[in-house]
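This report refers to the structure that appears directly beneath it.
The values are calculated or read from the model by the stated rules, or taken from the named source; none is laboratory data. Just so it is clear, the model here is predicted, and its values are computed rather than measured. FYI the Cβ positions are ideal-geometry reconstructions off the backbone, even for glycines, and counts take in every protein chain you see. Please note that ligands, DNA and RNA were not included when accessible areas were found on the heavy atoms of the full protein model with its side chains. Shrake-Rupley method; radii C 1.70, N 1.55, O 1.52, S 1.80 Å.
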Amino acid sequence: MMRVEEYGLVLKEERLEGGRRVLDIFWGPQHPSSGHTRFIVEVDGDVVVNVTPDPGYVHRTMEKLGETRHWIQNIPLFERLSLPDAINVTWAYSMSIERLAKFDVSPRAEYLRVIMGELSRISTHLYDLGLHAIMIGSSTGFMWGFGLRELLVQLWAMVSGSRTTPTWILPGGVRTAPPDAFYEQTKGFLDYLEKKIDEFVRVVVKNPVGYYRLRDVGYLSKEDAAKLMATGPGARGSGIDWDARRAYKYGVYHELEWDVCVEDGGDALARTMVRLCEIRQSARIIRQALDRVPKDGPLVGEAVLHRLPPKQREKANEHIRLGALFTTMLPQAEGTGVTEGGRGRYYFHVLGDGTEKPYRVRISTPSWQNLRAMIKAFIGSRLMDLPAIYGSFGYFPPEQDR
């Protein structure tokens, strides 16, 4: 029989009193159970006693790259932080530029941002739920999650021309107006989605195997979640009732009726149920926004609109051409932007120095913020429960290696 040491997985071995043996082993980087992150896991038998994260296998250096480009060029760059949640990422960045440059946002764009932002949240949850399902042994859940998301990215393509890299939100508004078919097809998608999510819960989560892979696994108390600054489902799954959409009242969320999804179980099951609840709440938000969104009007606010050449201004209800306006100088000022993404809070802090490029860009992403909380949830669990816990946080390594 081949010993585990022969695979090169054991970093260190320590003998304790009573003949106990503590091993340091490598977990990852591998897809999808740990993504682009390596964890050094210290186990006593199969009980995890300590975990040391070893990030840095993506090396994206988003913050420094963002300081070398025109500010409009950072929009397609920063959405690579989390492609499933591209809208909410670039919304936070655009919001920071709007505050720096004192750009207003048109009423039509505010509603369109909410619609696409909530589709982005659903996209992220379906992506994470699909990967989480296969981590706990359900290939059906994986295919359902990605199959449903396939319908959603087709809606993205109708609006932006791209399935996964929309580059659609820009400071002051949005780039293109949705076609008329988008509104009806989105309503049809939401009806189908809600039906299928109920089936997903029955087939994957309430399945005895799936249920007991999640219940009482990866416990994170409310106090630890707060102390370690968990965010998104990582915090709300431990009973913390906080959501940036409600706290900061950006967009038109304060005009709509919706609930913050909170579970107090603190385990992998609770975090999963928060995600499923948020999909339903996102559908509720989108339906209200679809009924209220102006079908006409400029896609950008007055500050940007008045800078457009007359011929481009005539088309401002249909699309905004990204021309020389968007490579002009930034004022010597600073701005911040905060949005609630599918995995938690995105925060951008941008400083301008009077040139066409940001002087400094600083980003806080939910996966980086949740890393310490996830490590806390790992400790005390069984080794084979690590994928179930990891998936419950929706951890996304490209966010951490920003």
For the range 158-296, how many pairs of lysine residues have a Cα-Cα distance under 28 Å, where the two are 8 or more positions apart or belong to different chains? 11
Solvent-accessible area per residue for the chain at a 1.4 Å probe radius, Å²? 42 Å²
Please compute the volume of the convex hull spanned by the alpha-carbon atoms of the range 166-298 and report it per residue in Å³. 139 Å³
Per-residue [θ]222 nm for the chain (sum of -39500 (n - 2.57) over DSSP H runs n ≥ 4, rounded to 500): -13500 deg cm²/dmol
Sorted by accessible surface (1.4 Å probe, heavy atoms of the protein chains only), largest first, 206, 357 come out as 206, 357
Where Lys and Arg each count +1 and Asp and Glu each count -1, what net charge lies around residue 336 among other residues with Cβ under 14 Å from its Cβ? +3
Straight-line reach from residue 357: which aspartates and glutamates fall under 13 Å, measuring Cα to Cα and dropping same-chain residues less than 8 apart? 63, 67, 334
Whole-percent carbon and sulfur contribution to the accessible surface of the chain (1.4 Å, no ligands, DNA or RNA) stands at 52 percent
The chain: relative contact order in percent, alpha carbon pairs under 8 Å with at least 6 residues between: 26 percent
In the chain, which whole DSSP H runs stretch at least 27 Å along their own axis (Cα) and average 0.0 or higher on the Kyte-Doolittle scale? 107-135, 139-160
